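First up is the structure itself, then whatever we jot down about it.
Derivation of every value follows stated rules applied to the coordinates shown; laboratory data play no part. Treat the numbers as computed from the prediction; the structure is a model and nothing was measured. Virtual Cβ from ideal backbone geometry, glycine too; neighbours counted across all protein chains shown.
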Amino acid sequence: MSVRVVLTRTFLYLILIAVAVTCLVPFYSMLITATHSNSEIARKLLLVPGDQLNENYQRLIASANIWRGLANTAFLAVAGTIINVYTSTLVGYGFSKYRFRGRNALFMCMLATMMVPGQLGIIGFYKLVETLHMLNTYWPLLLNSIAHAFGVFMVKQFADDAVPTELIESGRIDGCGEFQIFNRIVLSLLGPVMATYAIFAFIGKWNDFLTPMIILFDNNLQTLPVMIASLKSQFTSDFGAQYVGIAISVIPIIVFFSAMSRRIKSGVAAGAVKG
Amino acid sequence: MKNKVNKSAYGYLFISPFFIGYALMGLVPILYTLYLSFTKWDGFTAPVYVGLANYKRLIHDTFFFQTIGNTLIIWIMSIVPQLILALVLALILNEKFVKGKHFFRAVFYFPNLVSTVTLGVLFALMFDWQTGSVNKMLMHLGIISEPVYWFNSPWWSRAIAAAVTCWQYFGFNLIVFIAGMQSISKDVFEAAEVDGATKKQISWYITLPLLRRVFIFTLITSVIGGLQLFDGPLMLGDGPGNTSRTMIMYLYETSFKAFDYSYGAAIAYGIFVIIMAATAITNSLTRQKE
């Protein structure tokens with residue numbers, strides 16, 4: 001290898017490392033700062049852990065029920081993901097394996113909904129929820145998890161190749177109903193794409209902010225992102241408590257990501273290339 | 001297969017959850033919003049029909065036009081570095097000699113997973129002019145001697161909102177680009193190497209042109225997402241003289257803070273028109289070259 005090549009490679013590595021550091025430093029700073037007292041946070045640059053974590057944490061939970069928020073969000077994210085993935089799979093399979101009239105037109109209609117900005121109907125959504133007496137309940141947040149276009153698209157692309165028509169036919173000959181075939185045979189074949197889509201559905205629901213903020217009023221029902229958003233006004237100058245709060249909201253994501261990172265990235269890639 | 005029965009009508013049953021769900025939670029609210037935009041409604045009393053009054057107000061609303069400008073500025077300031085960074089890093093990570101590809105990709109993608117609200121609060125704290133770690137660090141390194149009051153400057157406020165967005169999404173785009181590169185046939189690269197093309201030539205004349213489709217797809221989808229920027233900037237604040245207030249923030253504040261729901265509905269449709277126009281413009285700009 002010539003000197004030139006070595007220099008170029010070192011330079012490219014430096015770029016990668018610099019960007020990686022930029023990605024991680026804010027989280028490092030967050031964890032470190034969460035362990036210091038407010039006066040220290042205000043006075044100096046903090047690079048090593050302090051010993052005030054518990055004090056900050058106690059002040060945080062004295063007035064913000066952060067664990068309740070975490071539990072609420074976990075419940076909504078899990079329930080919403082199950083609903084979203086199951087119904088999206090139903091629809092994706094329907095588009096993939098049944099030759100009904102208007103199939104392509106309906107599929108195009110469905111894809112077109114992805115172009116509609118999500119916030120367009122937010123006022124009407126609020127009014128509708130109010131009319132249905134569902135304000136301050138989880139119903140709207142679960143109902144809006146039903147079958148999303150992106151998930152349907154992913155499942156359909158996958159099912160086109162992964163589910164052999166002969167298998168469905170043989171299920172019919174054995175006397176299975178259409179939904180029996182779906183639940184007993186098809187679901188197991190669609191496992192991989194469902195798992196990948198589940199991650200997106202979960203992250204989307206976990207980070208959902210505007211909808212719970214306008215629908216829920218009761219603090220005991222409120223979700224984690226909305227609680228995090230109110231930390232700023234609730235703990236105006238108590239920075240230590242705020243840092244502990246955001247750390248609590250990031251740590252589950254770190255754990256989740258460590259467990260899932262390979263699948264998440266292949267999922268992003270699959271969605272992008274096929275799109 | 002003599003027993004074959006035509007079961008295709010079941011297809012409607014299978015696809016019905018999407019259409020019922022979207023009708024109820026998507027279409028009805030959208031049409032309801034349209035109706036409300038022609039009324040006066042404060043959320044407490046019944047809506048009263050007022051015709052085009054909300055839209056007349058909207059086209060003379062300087063606050064609204066300011067938020068359009070802010071959103072476009074923040075979007076451009078975030079999308080340009082975001083796509084360049086993603087593309088450059090994707091090209092580097094596509095090189096054979098790079099070790100730890102998996103690690104780098106994971107780290108670059110990580111900020112995308114953390115909720116925007118959390119990032120907004122975190123960056124608001126970090127850029128706090130008196131207690132934030134950014135000022136502390138810059139002073140420590142001797143780059144500045146006085147703390148910078150970031151959120152008191154229109155351009156710094158916008159730049160921070162853009163930087164957070166860029167930082168959050170470049171990793172996502174990076175993975176999309178890498179996937180696009182990997183879908184390019186290996187034969188093309190081998191042929192180029194046999195013909196004696198240099199690494200730079202291969203990147204410039206082969207990888208980038210073949211990546212065009214993926215790049216344009218990313219750009220167009222980012223218009224829809226980027227112009228709906230909300231959570232992050234909401235946490236970072238309005239900026240001096242509302243200079244970093246985005247369109248959706250205005251929609252939210254008008255409706256759910258000032259309880260002027262009907263005017264909020266008109267704003268929602270105003271935003272819709274702008275996003276559609278921006279998407280159409282981006283689409284035609286990228287098509288011209290073909």
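Label-to-label distance for A:SER39 and B:GLU146 is 2.8 nm, based on points extended 7 Å past Cα in the beta-carbon direction. Within the stretch A:136-151, name every residue whose backbone N is under 15 Å away from a label modeled 7 Å from Cα of B:ILE20 along the Cβ vector. Under 15 Å, as judged by backbone N against the label point of B:ILE20, lie A:143-148 of the stretch A:136-151.
Please return the longest stretch of chain A lacking exposed loop sites, where trypsin sites (Lys or Arg not before Pro) count only if DSSP places them in a loop and at most 15 other Cβ atoms lie within 10 Å. The answer is A:102-275. Counting beta carbons within 10 Å around each of A:SER230, A:SER266 and listing the fewest first gives the order A:SER266, A:SER230. The label-point distance for A:ARG4 and B:ARG57, in a model that sets each label 7 Å from Cα toward Cβ, rounds to 6.8 nm. Counting Cβ atoms of other protein chains within 10 Å of each Cβ in A:56-66 and taking the mean gives 0.
Per the helix-only calculation at 222 nm, which mean residue ellipticity applies to chain A, given -39500 (n - 2.57) for every DSSP H run of n ≥ 4 and division by its residues, nearest 500 deg cm²/dmol? That comes out to -23500 deg cm²/dmol. Counting only whole DSSP H helices of chain A, the ones at least 18 Å long by C-alpha along their axis and with mean Kyte-Doolittle hydropathy no lower than 0.5 are A:3-33, A:66-97, A:149-162, A:191-206, A:239-274. Applying 1/(1 + (r/R0)^6) with R0 = 25 Å to the Cβ-Cβ distance of B:VAL48 and A:MET134 gives a FRET efficiency near 0.55.
Among A:GLN157, A:GLN58, A:GLN180, the residue with the largest mean-square fluctuation in a Gaussian network model of chain A, with springs joining Cα atoms closer than 10 Å, is A:GLN180.
With a cut-off of 15 Å, note down the residues of the stretch A:191-207 whose backbone N falls inside the zone around a label point 7 Å from the Cα of A:VAL78 toward its beta carbon. Output list for this probe position: A:202-203, A:206.
Counting helices only, and only those DSSP H runs with n ≥ 4, report the 222 nm mean residue ellipticity of chain B as the sum of -39,500 (n - 2.57) divided by its residues, in deg cm²/dmol to the nearest 500. Kindly include the intermediate steps, with their values, before the conclusion.
Working: 14 runs with 190 residues, N = 290.
For chain B, the value works out to -21000 deg cm²/dmol.
Taking A:GLY92, A:GLY245, A:GLY191 in turn, the Gaussian network model of chain A (Cα-Cα springs below 10 Å) assigns the largest fluctuation to A:GLY191. On the beta carbon distance between B:LEU72 and A:ARG184, with R0 = 56 Å, the FRET formula returns roughly 0.60.
Among B:PHE170, B:PHE151, B:PHE65, the residue with the largest mean-square fluctuation in a Gaussian network model of chain B, with springs joining Cα atoms closer than 10 Å, is B:PHE65. Fewest-first ordering of B:THR39, A:THR81 by other beta carbons within 10 Å of each residue's beta carbon gives B:THR39, A:THR81.
The calculated FRET efficiency for the pair B:LEU13 and B:GLN201, based on their C-beta separation and a Förster distance of 56 Å, comes to about 0.50. Spin-label model, A:LEU24/A:ALA71: points 7 Å from Cα along the beta carbon direction are separated by 3.5 nm. Within the set A:LYS127/B:LYS257; A:LYS205/B:LYS257; A:LYS156/B:LYS186; B:LYS96/B:LYS186, which residue pairs have Cα atoms separated by over 20 Å? Beyond 20 Å: A:LYS205/B:LYS257; A:LYS156/B:LYS186.
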